Amino acid sequence: MLHYVIKRLGTMVLTLAFISVIVFVVIQLPPGDIVTSTLERMEASGMQASDEYVQNLRARYNLDKPLYLQYLNWIFNFVQGDLGYSYIYSKPVNELVWERLGYTLLITISAVIFTWVVAVPFGIYSAVRQYSIGDYFVTVVALVGLATPNFLLALLVMFFAWEWFGISIGGLYSMEFRDQSFSIPKLFDLLSRLWIPGSVVGMGGTAVTMRILRANLLDELNKPYVVTARAKGVKPIKLIFKYPLRIAINPFISTLGLLLPTLISGEAIVSMVLNLPTTGRMLLQALLAQDMYLAGSFLMLLAILTVVGMLISDLVLAWSDPRIRYE
Amino acid sequence: MSNDDDLILKVRHLSKTFDKHVALRDVSFDLKRADTLGVVGESGSGKTTLARCILRAIDPDVGGTVEFNSEQIGWVSLSSLRHNELVPLRKEMQMVFQDPYSSLNPRMTVRQIIEEPLIIHHEGNSNERLERVREMLDLVQLSQDSLTRYPHAFSGGQRQRIGIARALILNPNLVVCDETVSALDVSVQAQIINLLEDLQKTLHLTYIFVAHDLAVVRHICNNVLVMHNGVVVERGDVDHVFDHPQRNYTKLLLSAIPSPDPDIRMDPKNRDILEQPEPVVNGYGLVEGPVWHGDHGLLFSDVIFGGVYAVNESKEVNPVFEHRRGIGGMAIHAEDGMVVSGKNVSFKRFGESESILLLDRDPDNGNVGYNDLTTDAAGRIYVGSLGSSPVFDDGLEPRAGNLYVIDLDGKSRVVAEDVQLTNGLGFSPNGRTLYHSDSRRGQIYRYEVGRNGDLKPREVFHEFETGAPDGLAVAEDGSIWVANAGAGGVAVLEPDGSQHAFISIPVPMCTSVCFGGSGLRTLYIVSGSNGVEGDRNGGVYRYEADVSGLPLTPARVQIPAP
Amino acid sequence: MMTDNILEIRNLGVRFQTDTGVTNALNDVNFDVPRGKVTAIVGESGSGKSVTANCIMRLLQPPGKIVSGSIQFNPSRTEPFDIVAIRDRDPRIYELHGGLISMVFQEPMTALSPVHRVGNQVSEAILCHRDVSKEGAMAEARDMLRRVGIPNIDTRIEMYPFEFSGGMRQRVVIAMALVCNPEVLICDEPTTALDVTIQAEILTLIKDLQAELSNSIIFITHDIGIVAQIADYVVVMYQGRVLEIGTVRQVLKDPLHPYTKGLLAAIPGNVPKNVRLSTIATAVGDADITTPFPLKSVGDGRLVSLP
Amino acid sequence: MSEVVLEQPPKAIPLETPEELNLLTPRQLAWRRFKRHRLALISGVILVIMYLVAGFAEFFAPYVTTSRNVSAINAPPMDVRFFEHDGTFHIRPFVYGYDLHINEHTWAREYTENPEKIYPLRFFARGETYELWNLFEGDIHLFIAENEEGEGYIHFLGTDQLGRDVFSRVIYGGRISLSIGMLGIGLTLFLGVLFGGFAGYLGGWVDRIVQRMIEVLQSLPTLPLWMALTAALPAHWSSLRIYFGVTIILSLFGWTALARQVRGRFLALRNEDFVIAARLIGSGQNRIIFKHMMPSFLSHTITTATLAVPGVILGETALSFLGIGIRPPIVSWGVLMEQAQNYQVISMTPWILYPGLFVVIAVMAFNVLGDGLRDAADPYNMGGQ
């Protein structure tokens, strides 16, 4: 097991190194840089920048160095916890990202919980009662859930909440708590509202997970070992929970890893619709304004979030499946 | 050679390694034209790998050769041709597969499947090809309206007929049947076997018939190869092999077949006969110096209680020489005698008690005696001297010994120095490398052999973590079999220094090994009783090795006049 | 005693309904399973051997359906019942599964759950049928595993099936089937997936255990050699019908039905070398083997389906 | 040949499948299996209709995308009627025209139907002129609404804040969204087969590098990355270039699943007996790949591709919704929903969410179709079992 963990950690570091290169390239892609966009802005307001000023500016952002040095500089600082300086907010990136990332994490986790809480029972039901009316119903709902873009779902939830209950569900806190400092009631308020973005973000994933669990379970249900267990007298309910479900759950755990990129993507757009103080909106602003440190940090941190999530799901899988553990 | 014309296939030293797993190890055989060769063995025995290597469906390891007697161009080496050069030869050798389902492309009609070989080899126009396909359908007894159908429309036996038609349409000489009837029901199996036999008679085919069902193989084959763990353990006329199996594995396999006659009770042998060396004799102090002699059987000495004995394959023991203690190494001499080492190295003629000194003790050099010895291809003797001996506790500080060579003229010289506790010696198959164990250092040395038997400076070939390397023997495939005193068994080292197997014996003190028996296929392992005085637990074990041992040349060193 | 049967199967009919049509998998199958003996059901693929076993175990899956007949369990003793007639939720089903009748399947590689320890899987069979503590069940499981010849029990019992070889797994499956000492053990081609040397070991094991525990065994196979070695009685099946019933010597030494004759003649070991194998088609010749004649008694307890 | 003793034909052994199944080709068998999947069949039909309508958007849409009806701004959907309020039946369907009121409290526009204004539907009638695919000029529309005086309008799904017909724009938007789905998947297919094929065929270090690449790409949250890349598309690009730019970006990260599958199939097929058999009869490399291996993984590849189309459509919709994907004047379903950014707008004019409904239908249809194709694609899944 230890060997496996070490191996897996190794691949994770390697993957992150690759990702950092991709992220760096991506944020470098737009023509021009912060300096050119600053200059454009200055020109628009009628100012002239001296060559010396431009050079100073370039030197300040390390833009006068070759690309690979810029990359090394960026990644070296990043690893040490210095995420750079946001041009559009005129603040260190560190002051901007962490709270937002925290909320992203919170919503993603609640989406995962929602996914599992809904997908597992319905997936099991659907498989055990294959071709029943309930199965068809669950399947159709899952298909619709799968096909609905989650921003549309967010819009609909928002719309119906407003139309039917007259409440605004935008934001993470209710009106009365919005400007208060942190307190226990505020925490409860947060938790009571969290399920909305959580369920909206988790909807697509729930559908996928349910379908996968159903398919896995159906595959397993007729495997010889299940028949063997039945033949030795294990009763139906215990039979399903102890044998096929226990095994169907393994590929299911590994889908969690594959689900995370989707969930984090979904969170980014849903939070924009629901006006939540998470990464989505600020990332978009940063990208449009070519604020490379801010955008790069966001992209990199989201990637780290995903990769670590995948690592955890792999480790859980290894823990639950002896065949992987003993490899 | 003149009788080569009867042959269709010569396979030599064929091996195949997948990743690190050796699926096929050093297989050699000849196959006569119009003969049927059976290849039997259990799953993982390498029989399918062998079949596929011969036809180059997979590429065998470098070194082995497959030579094929082509009707078009005579003898040709299949194993060294490039794949595109093989194409014209494909007409002469074909394969019929095991699984009648997966061996036919489900998206092609029967006509397309059977016709494809003709298209590839540009034979005939469309009408002629169709005519040939129709002939083949008749030949394999399928109806003509099969032409436009797809494989899914046929039963297993019928699909196998399609596969046979595809293989035979190019008029091949050699057909490899890889478990062709294994997946079929008995009655269908009988039909296909009859069909194959009829086709062989009409078309003069040569078959290699790979199967795990010994009854089927016995029915249709003349000769058989029995395979186990990638190695051919037994071969020969099929009736002879099945009626008089020599190897344990063959016996095990045959004993496991349930007879269809309820009055003949099955008596399966225990699998253990494969895994454990079998005790041959026991009751000696410390057995050493084993060497195989064609007439006497295995010769061995008892270091503690004295004497040299011979044990034959029926486990009968005869004394050869009596009451001579301390013989640590022995070799056969061409003059109907043997060379033995102890306090000195001497020659003894069989049946005579007199010893003739070949190499005397050299006390000035701290030499208290000699240990294991071996011979090179020319008949020179290599023997190590003990600086101080753990066997003869003479109170001296341990000192390094030397390695001597006794040349054919009887003169000796030192060829290597600084051996802490000299032990087993053995030459590689090409004679260019000498392996030598040093028990105290726990290492096997490796010397390159120069001209006149001189040795280049040594390198450490292998280092043991537990126990001490003792006597050693080299096999035909270059593997080095080292008795490990203390670890209770024999380590099998590859020529690259890696260990690939370990054979345990029930006692820890494993002193030496040598190959013997017919074809040098039996590994004799000798043991001692931990050196405890008066203890008589030393003995001889034998083990069915999966390779042949390297034959040792008898010493040809000139014997001085007495 | 002639009538001491553990199972009496009468007029059993099974039908498979699929998109491509209706197949009669079993037609009017009749045979008895004598107590304490080994009854072999022999036949080629599609003969209905495994379907029969699944009916006895009540494990027949849709689209298969029992359409007629009865399987009387323990007819000559107390509390006999008809396995076909009891309902799905009847508690006797769970008693039947593993308690009264156990089964050993063809594929030892897949018959065990890959994620549960071997000891757990064997002891579970005990916990399903008897009110014992987990420790007690585990101790019994350990004992059974030792009896089927698993070495180093203390470590093996904590291991997972994938750490076992095929032969060892089949031993575990046998231990699992026998641990509750069932009246009937059904072995459905338990050695087909194994190498011949392992097969010999497993057959010896089953024979030895049967002698020791004196259960009744139904042994399903297509291999006449295995039948000859293990069976006391033989039931020959072909296309969902029973063609011939008798003791192993009667059937194998003096077959009456043309199909049985053909089956025996097609075995390569039974024919001298260089003599063509007889196929069933040639052996049967003009005889009618497709018409379902009812079984009729021909003396010595033999039954055969002939006009 | 005459020496061969003929067995009795093996008629005593029954065939495993009924006779009529035996005569079918593998393609016919696949079609049989596909047909059994009723929902997939329906989905296929729905998709064909959607693509047809989108392809001939100019004809099917009553208006062009830029056409504004100033008398119906933010107007709700109209009902198509056969009966007047008083119960009079018309064989030709019609719609009522709108009267506009301004709500005095909220200043919101409120529309009421005016039973006086009857605009009958006219089919294959002349309406606004258009250029079909920018090539052929025309003015025939499938339907328009016009009374005798030449007045009238029809807004099936209402209008937006500029008075543009939502239904027409949905049809035009479908052209972009659906074609991005197809084009994107074409590209994905190309990359997937290329990388997967190389990895599977060459093996060794090429395989390891491709595998590593796949792993890295699969562990990236796609939307933020798509956002970064589309945000980098220069503002001055023409709509067409943006269209292709977005398509390429969407495919750039979508090929991994496909490549993985192609690689796996390639490896598995390479060791299939019938492929080895082909090699042993002397088939060249090309023949083996194209004649024996390709057909059997093509079906799988097409299935996977079908199942990947929804991802591309949803991706485009999301990006355009955020205002960084397809840019007006070109419309896509995502662009159409861009207006619906907050609930005030939605609660006033909920019908601007209709494009979303079409996204859902298209994506669902692709998913179900993919399921059906997958079941049908397996050549060994014969008969009914």
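The values are calculated or read from the model by the stated rules, or taken from the named source; none is laboratory data. In this text the structure is predicted, and so the values were computed from the model without any measurement. Cβ: placed from backbone, ideal geometry, glycine included. Neighbour counts: every protein chain shown. The area values use the complete protein model at the heavy-atom level, side chains included, leaving out ligands, DNA and RNA. Shrake-Rupley method; radii C 1.70, N 1.55, O 1.52, S 1.80 Å.
Accessible surface ranking for C:TYR94, A:TYR136, 1.4 angstrom probe, highest first: A:TYR136, C:TYR94.
Ordered by solvent-accessible area of protein heavy atoms (1.4 Å probe), largest first, the residues B:ARG90, D:ARG263 come out as D:ARG263, B:ARG90. The Cα atoms of the stretch B:276-544 give a gyration tensor whose axes a ≥ b ≥ c have a/c under 1.5, which makes the shape rounded. Each label point was placed 7 Å from the Cα along the Cα-to-Cβ direction; for C:ASP88 and B:ASP6 their separation is 7.0 nm.
Spin-label model, A:VAL25/C:VAL298: points 7 Å from Cα along the beta carbon direction are separated by 8.1 nm. Extending 7 Å from the Cα toward the beta-carbon at both A:VAL79 and C:GLU163 defines two label points whose distance is 3.9 nm. Backbone phi angles across the stretch C:117-131, fed through the Karplus curve with coefficients 6.51, -1.76 and 1.60 (θ = phi - 60°), yield HN-Hα couplings of 5, 4, x, 4, 5, 6, 5, 4, 4, 5, 4, 6, 10, 9, 8 Hz in residue order; Gly and Pro are listed as x. Electrostatic bookkeeping for D:VAL216 treats Lys and Arg as +1 and Asp and Glu as -1; over the other residues with beta carbon under 14 Å from its beta carbon, the sum is +2. Heavy-atom accessible area with a 1.4 Å probe sorts A:VAL226, A:VAL5, A:VAL316, largest first, into A:VAL316, A:VAL5, A:VAL226. Among the GluC sites (Glu not before Pro) in the stretch B:304-347, those placed in a DSSP loop whose Cβ has at most 12 other Cβ atoms within 10 Å are B:GLU316, B:GLU322. Label zone (B:SER43, point 7 Å along Cα-to-C-beta; backbone nitrogen cut-off 13 Å) within the stretch C:95-137: C:106-111. Counting heavy atoms of the protein chains alone, A:THR255 has an accessible area of about 20 Å² for a 1.4 Å probe. Helix D:255-270 axis versus longest C-alpha principal axis of chain D: approximately 20°, rounded to the nearest ten.
Relative to one another, the C-alpha centroids of the stretch B:423-449 and the stretch C:90-134 are positioned 57 Å apart. The mean number of partner chain beta-carbon atoms within 10 angstrom of a residue's beta-carbon across peptide B:149-157 is 6. When shorter helices are ignored and each DSSP H run of at least 4 residues is given -39500 (n - 2.57), the per-residue value for chain B at 222 nm works out to -4500 deg cm²/dmol.
Take the Cβ-Cβ distance between B:HIS240 and D:TRP31 as r, set R0 to 51 Å, and report the resulting FRET efficiency rounded to the nearest 0.05. Using R0 = 51 Å, I get an efficiency of 0.30.
Remark: the Cα gyration tensor places the stretch B:323-384 in the oblate category, a/c being 1.5 or greater and a/b not exceeding b/c. Mean residue ellipticity at 222 nm, helices only, chain C: -9500 deg cm²/dmol; runs of at least 4 DSSP H residues each add -39,500 (n - 2.57), and the sum is divided by the number of residues. The mean sequence separation of alpha-carbon pairs under 8 Å and at least six residues apart, normalised by the residue count of chain C, gives a relative contact order of 21 percent.
The mean number of partner chain beta-carbon atoms within 10 angstrom of a residue's beta-carbon across peptide D:329-340 is 1. Other residues lying with their Cβ under 12 Å from the Cβ of B:LEU373 contribute a combined charge of -2, Lys and Arg counting +1, Asp and Glu -1.
Normalised by residue number, the volume inside the convex hull of the Cα atoms of chain A is 190 Å³ per residue. Estimated from helices alone, the mean residue ellipticity of chain D at 222 nm is -17000 deg cm²/dmol (sum of -39500 (n - 2.57) over DSSP H runs with n ≥ 4, per residue).
Over the Cα atoms of chain B, Rg to Rh with Kirkwood Rh, two decimal places?
Rg/Rh for chain B comes to 1.09.
If I take every Cα pair under 8 Å that is 6 or more residues apart in the stretch A:2-93, average their sequence separation and divide by the length, what percent do I get for the relative contact order? The normalised contact order for the stretch A:2-93 reaches 17 percent. For the stretch B:441-562, the square roots a ≥ b ≥ c of the C-alpha gyration tensor eigenvalues yield an a/c under 1.5, which makes the shape rounded. Using a cutoff of 8 angstrom between alpha carbon atoms and counting only pairs six or more residues apart, the relative contact order for the stretch D:151-257 works out to 29 percent.
With a Förster radius of 51 Å applied to the C-beta separation of B:ASP535 and C:VAL132, the computed FRET efficiency comes to 0.50. Once backbone amide H atoms are built at 1.01 Å from N, B:SER102 has no partners under 5 Å, excluding neighbours fewer than 5 places away on the same chain.
Using the Cβ-Cβ distance between C:ASN274 and B:ALA378 with R0 set to 56 Å, the FRET efficiency from 1/(1 + (r/R0)^6) comes to roughly 0.65. Expressed as a whole percent, the proportion of Cα-Cα pairs in the protein assembly as shown lying more than 43 Å apart is 64%. For C:GLY13, the shell of other residues with beta-carbons less than 14 Å away shows a net charge of +3, using +1 for Lys and Arg and -1 for Asp and Glu.
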